[in-house]
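Have a look at the structure below before the remarks.
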Amino acid sequence: MNKLFLTLGLSLCTWVVTHAQEVTTKTILVKQGGKTLVIDQKTQNITLKPERFSIEFLNKPYQNKKNLFYAAKALLTDNSQFVNEYESMSFDDIAFFSPGTGFAASFDQNQFFPNLSEEGHQYLYYASNSDHRINKIGTQKEWDIYQWNLDGVNIDGNEITWSNYRIGELYLYFVVDQNLNNTIDPDEHHLIRITFKK
């Protein structure tokens with residue numbers, strides 16, 4: 001009988017840990033090594049090692065017949081004054097999210113160095129195996145699970161790995177416009193303040 005309760009208890013703990021770290025439409029995951037951090041606040045501070053990490057999030061699949069891209073947008077900055085104050089605003093009214101400011105860097109599955117900038121954002125989409133800026137790593141009901149790997153940042157054309165990133169902090173503003181209304185809705189945005197420590 002005790003073995004039965006022990007087995008049930010361990011199974012429940014495993015289920016809770018597994019499901020507590022699942023990505024949802026209201027959360028994103030930051031993964032590094034074997035560690036997973038759930039980003040479920042609009043503004044959240046985390047600490048990472050100065051090495052590759054990834055962001056996982058849910059979004060709807062690309063609709064080929066309608067040519068509908070369900071993209072995420074991300075701004076990376078080292079500005080400690082950056083705040084999360086864009087809720088309910090249109091992308092068109094935010095300088096770094098406005099049309100024409102998305103960086104069109106080529107996608108490399110092995111390494112990715114997004115631009116550190118307050119002038120423009122990273123436009124993250126997946127249309128097909130040959131046309132994408134992120135990896136599709138699975139599905140969850142009607143959603144696709146996407147992964148964005150970050151090896152460092154591009155500063156003035158120089159690719160700087162996290163281990164050589166001397167600023168020590170990064171501000172990552174991440175928005176997933178899941179309903180394509182061109183507006184930052186309450187559950188669609190996260191400001192992640194990252195501190196790098198060895």
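Given a 1.4 Å probe, how much area per residue of the range 49-96 is accessible, in Å²? It amounts to 51 Å² per residue over the range 49-96.
Please tell me which of these pairs span more than 23 angstrom C-alpha to C-alpha: 66/136; 35/60; 42/141; 31/73; 42/73; 31/60?
Details: 66/136 20 Å; 35/60 26 Å; 42/141 25 Å; 31/73 19 Å; 42/73 15 Å; 31/60 21 Å.
Over 23 Å apart, Cα to Cα: 35/60; 42/141.
Please list, in order, the residues from the range 118-143 whose amide nitrogen is less than 17 Å from a point placed 7 Å along the Cα→Cβ vector of residue 64. Flagged as within label range: 126-132, 136. For the chain, the longest principal axis of the alpha carbon atoms and the long axis of helix 2-20 meet at an angle near 10°.
Got a number for carbon plus sulfur as a percent of the chain's accessible area, 1.4 Å probe? Each step should come with its number before you reach the end.
Values: 5240 of 10870 Å².
On the chain, the fraction of accessible area on carbon and sulfur atoms equals 48 percent.
Length gained on full extension, residue 137 to residue 46: 30.4 nm, using 0.36 nm per residue less the C-alpha separation. Using only helices, what value at 222 nm comes out for the chain when you add -39,500 (n - 2.57) per DSSP H run of length 4 or more and divide by the total residues, to the nearest 500 deg cm²/dmol? Result for the chain, helices only: -3500 deg cm²/dmol.
Multiply the residue gap between residue 180 and residue 88 by 0.36 nm, knock off their C-alpha separation, and tell me the result in nm, one decimal place. Could the numbers behind the result be given before it?
Numbers: separation 92, 0.36 × 92 = 33.12 nm, distance 1.32 nm.
Answer, rounded to one decimal: 31.8 nm.
Net charge of the neighbourhood of residue 82, taken over other residues with C-beta under 12 Å away and scored Lys/Arg +1, Asp/Glu -1, is -3.
The values are calculated or read from the model by the stated rules, or taken from the named source; none is laboratory data. Worth saying up front: this structure is predicted, and the values here are computed from it rather than measured. In this analysis, Cβ positions are derived from the backbone assuming ideal geometry, glycine residues included, and neighbour counts consider all displayed protein chains. Just so you know, the surface numbers come from the protein's heavy atoms only, side chains and all, with ligands and any DNA or RNA stripped out. Shrake-Rupley method; radii C 1.70, N 1.55, O 1.52, S 1.80 Å.
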